[in-house]
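Asker: A single structure is presented below for examination.
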Amino acid sequence: MSENRSSLRNLFVYKCLFGLTFWNYVILSVENELLTPVSNNFPEDGSDQKIKSLPLLYTNRHQSKANFDWVVIQNTTESLSLSEITNGNVKKLVALLSNFREGSGLQNLTLTNMSVDWNALMEVFQTVWHSSIQYFNVNRITQLSDIKRYVFDYAGTSMKALTMKKIRITDLYFSQDDLYRIFADMNIASLTIAESEMIHMLCPSSDSLFRYLNFLKNDLTDFLFQKCDKLIQLETLILQWNKFESLAKVSFMTSRMKSLKYLDMSNNLLRHNGADVQCQWAESLTELDLSSNQLADAVFECLPVNIKKLDLQSNQISSVPKGVVDLKSLEELNLASNRLADLPGCSDFPSLQFLNIEMNLILTPSADFFQSCPRVRELQAGHNPFKCSCELQDFIRLERRAGGKLFGWPSAYVCEYPEGLRGTELKDFHLNELACNTTLLLVTALLLTLVLVAVVAFLCIYLDVPWYVRMTWQWTQTKRRAWHNHPKGQEAALQFHAFISYSERDALWVKNELIPNLEKGEGCVQLCVHERNFIPGKSIVENIINCIEKSYKSIFVLSPNFVQSEWCHYELYFAHHKLFNENSNSLILILLEPIPPYVIPARYHKLKALMANRTYLEWPKERSKHALFWANLRAAININLLTPDENRCGATD
């Protein structure tokens with residue numbers, strides 16, 4: 001009870017004469033309770049200052065006037081919030097604020113829903129300027145009319161920061177300078193005018209104390225602060241959500257701001273075409289926000305050289321050109337939500353530590369990024385349309401070696417292509433070493449090719465493929481010439497019963513036994529023998545083919561000598577070709593002497609096949625069996641080759 005009495009001695013009583021429509025509520029602040037300041041946008045010492053407060057004394061506007069006749073205010077009050085101020089009660093507000101002269105405890109004032117004319121507003125501002133108030137917040141002002149030149153006394157103020165939001169001007173005819181000059185010449189450290197459709201702001205008349213300017217969500221354009229050299233102490237400038245279009249003009253705007261460190265130009269309409277336009281930035285500028293504009297690759301030609309933190313998120317950048325700019329101090333770069341197809345290198349950013357390149361068009365990021373950017377501590381590359389292929393394997397291995405430098409791994413790194421792997425996290429994507437190691441794959445393919453070539457070469461040599469190809473070609477050419485030499489549709493007539501193929505070493509048997517017994521015996525068999533029937537002037541191969549074509553049968557006298565003869569092999573090949581080409585049974589094999597299988601060369605596989613699959617006549621050593629042999633041979637040849645009147649023996653070609 002004694003403590004309460006002691007507190008009452010420190011109070012003074014102020015008779016409240018205001019009507020019920022003046023305030024919705026009153027916040028009174030005293031000692032012993034902590035509350036965040038109503039406005040503390042720019043603390044003088046940069047610390048998180050705490051405000052002591054008293055429990056809320058709330059007066060309902062619908063209560064009777066008697067309940068609101070007396071408002072008790074302690075002289076240590078630090079924060080006061082009032083609303084519903086009009087021309088009708090503004091003088092009562094001025095009278096109240098006049099009690100808080102310099103040295104009193106009130107430091108924070110918030111006024112909400114003001115609807116007053118210009119002179120009344122200036123009177124409130126002037127009163128605040130000569131009070132103990134340091135942080136002044138005004139929300140939702142409707143300036144009705146009568147804006148005109150006002151001589152404002154800025155001297156002797158405790159003010160540090162003014163915040164104004166949602167100002168609406170209803171006066172359509174007034175001098176812009178009368179309005180903007182009041183705010184441009186304010187001798188405070190921090191000024192915020194936001195969400196007010198402001199189209200311009202004047203350069204201060206003299207060197208300004210502004211260290212912080214925030215013109216968020218207005219209609220400011222490239223004409224702002226051009227050639228203004230009075231903002232020499234300005235450190236932070238926020239121009240987010242305005243209508244700036246030229247990045248070069250923005251750079252010129254800052255060129256005379258000798259102390260500027262942070263500039264926020266996000267959510268504007270900025271472009272830069274780089275057409276011989278030299279940009280000129282404040283040398284002190286270290287942090288720049290250009291996100292959500294319309295900037296393309298040329299933006300890198302117009303950047304502050306001493307920048308440390310750069311935000312280019314949500315623009316139209318498709319590549320980071322090399323050698324265009326040398327940002328040696330750049331530590332943090334945000335390129336998220338652009339059109340980049342790969343990770344940028346660090347040749348122009350040797351100090352880069354943080355890179356954000358999320359939500360671009362990167363399919364297979366370069367695996368050598370951390371080699372070219374050794375100082376990078378964190379890379380944000382997630383939410384890209386990754387193509388899960390061999391090239392991506394190197395990037396996945398990079399994550400294992402990076403030691404946690406990939407921010408958002410693994411959930412933010414998901415396959416987009418191919419369709420079958422969509423949604424698969426990169427950590428779960430694997431391909432075998434052979435499929436992805438190009439060198440190993442090439443070596444394997446080369447070895448397989450060499451083996452294949454060796455096998456084919458061996459088979460060609462073993463089976464004498466070139467010989468067969470050559471013979472096939474000659475057969476085709478000869479047949480073609482024969483076709484041209486005869487009328488269309490007419491085939492060459494058969495002239496011989498049989499063509500005899502034999503080795504010269506067996507010629508004695510052929511001439512003394514075979515030919516006499518067939519031509520002079522019964523049946524009058526006409527034989528084609530190369531010694532008497534080959535046509536001079538034609539090639540041997542062509543003569544062989546012609547004789548085989550004109551003969552009903554082909555008799556091959558087989559012996560070890562036969563398999564050693566190249567020409568016998570030709571004759572056998574062409575006869576065998578006719579056998580399959582005409583689907584005829586035209587081959588007669590006579591085994592003059594037994595042939596051991598090992599004697600037959602490998603390329604004579606046709607001869608081996610014929611001897612294995614066809615019946616042949618074996619020349620008997622006993623003379624008693626010769627008659628049967630000739631009878632069987634005549635039976636195999638038996639055919640009426642000529643008409644009766646032409647049937648005579650000994651006819652030759």
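The values are calculated or read from the model by the stated rules, or taken from the named source; none is laboratory data. Source: prediction; values computed, not measured. Here Cβ is always computed from backbone atoms with ideal geometry, including for glycine, and neighbour counts include all displayed protein chains. We work out accessible area using only protein heavy atoms, side chains counted, and drop any ligands, DNA or RNA first. Shrake-Rupley method; radii C 1.70, N 1.55, O 1.52, S 1.80 Å.
Asker: Would you mind checking 166/217; 308/328; 387/427; 227/249; 165/309; 230/261 for any pair whose Cα atoms are more than 19 angstrom apart?
Answerer: In this structure, 165/309 exceed 19 Å between Cα atoms.
Asker: Keeping all protein chains in position, work out how much accessible area residue 279 exposes to a 1.4 Å probe, and write it in Å² to the nearest 10.
Answerer: 40
Asker: Now a separate question. Largest first, how would 390, 302 line up by accessible area (1.4 Å probe)? List each step's numbers first, then the result.
Answerer: Values: 390 35, 302 0 Å².
Result of the area sort, largest leading: 390, 302.
Asker: Further question: Amide H neighbours of residue 380 under 5 Å, counting only residues 5+ apart in sequence or on other chains, H built in-plane at 1.01 Å?
Answerer: Long-range HN contacts for residue 380: 355, 356, 357, 407.
Asker: What does the highest-first list of 165-171, 77-83, 282-288, 554-560 look like by mean Cβ count within 10 Å?
Answerer: Peptide ranking by packing, descending: 554-560, 77-83, 282-288, 165-171.
Asker: Net charge around residue 119, counting only other residues with Cβ within less than 15 Å of its Cβ (Lys, Arg = +1; Asp, Glu = -1)?
Answerer: On the way: positive: 91, 148, 149; negative: 117, 123, 146, 153, 171, 178.
Taking every other residue near residue 119 into account, the sum is -3.
Asker: So what's the net charge close to residue 181: Lys and Arg +1, Asp and Glu -1, counting the other residues with Cβ under 12 Å from its Cβ? Show your work: numbers first, answer last.
Answerer: On the way: positive: 148, 149; negative: 177, 178, 185.
That sum, taken over residues with Cβ under 12 Å, equals -1.
Asker: Still on this structure: What length, rounded to one decimal in nm, is gained on full extension from residue 609 through to residue 428, with 0.36 nm per residue of separation minus their alpha-carbon distance?
Answerer: Result: 59.3 nm gained on full extension.
Asker: Please work out how much accessible surface residue 150 shows to a 1.4 Å probe, ignoring ligands, DNA and RNA, in Å² rounded to 10.
Answerer: About 70 Å², ignoring ligands and nucleic acids.
Asker: Gain in length, residue 448 to residue 178, computed as 0.36 nm per residue apart minus the alpha-carbon separation, to one decimal in nm?
Answerer: Numbers: separation 270, 0.36 × 270 = 97.20 nm, distance 8.84 nm.
Gain on extension, residue 448 to residue 178, equals 88.4 nm.
Asker: Accessible area, 1.4 Å probe, largest first: how do 569, 130 sort?
Answerer: Working: 569 10, 130 55 Å².
Highest to lowest solvent-accessible surface, that is 130, 569.
Asker: Sticking with this one: Work out the FRET efficiency for residue 269 and residue 480 from their Cβ-Cβ distance, taking R0 = 60 Å, and round it to the nearest 0.05.
Answerer: Numbers: r = 79 Å, r/R0 = 1.32.
With a Förster radius of 60 Å, E is 0.15.
Asker: While we're on this one: Pop a pseudo-label 7 angstrom from the Cα along the beta-carbon direction at both residue 368 and residue 618 and give the gap in nm to one decimal.
Answerer: 7.8
Asker: Express in nm, to one decimal, how much length is gained between residue 91 and residue 441 on full extension, taking 0.36 nm for each residue of separation and deducting their alpha carbon distance.
Answerer: 117.1 nm
Asker: A further question follows. Counting only the backbone N, which residues of segment 314-329 are under 18 Å from the spot 7 Å out from the Cα of residue 339 toward its beta-carbon?
Answerer: Hits in segment 314-329 for residue 339 at 18 Å: 314-322.
Asker: Tell me the label-point distance for the pair residue 280, residue 515, using the 7 Å Cα-to-Cβ offset, in nm and rounded to one decimal.
Answerer: Using points 7 Å along Cα→Cβ, the separation is 11.5 nm.
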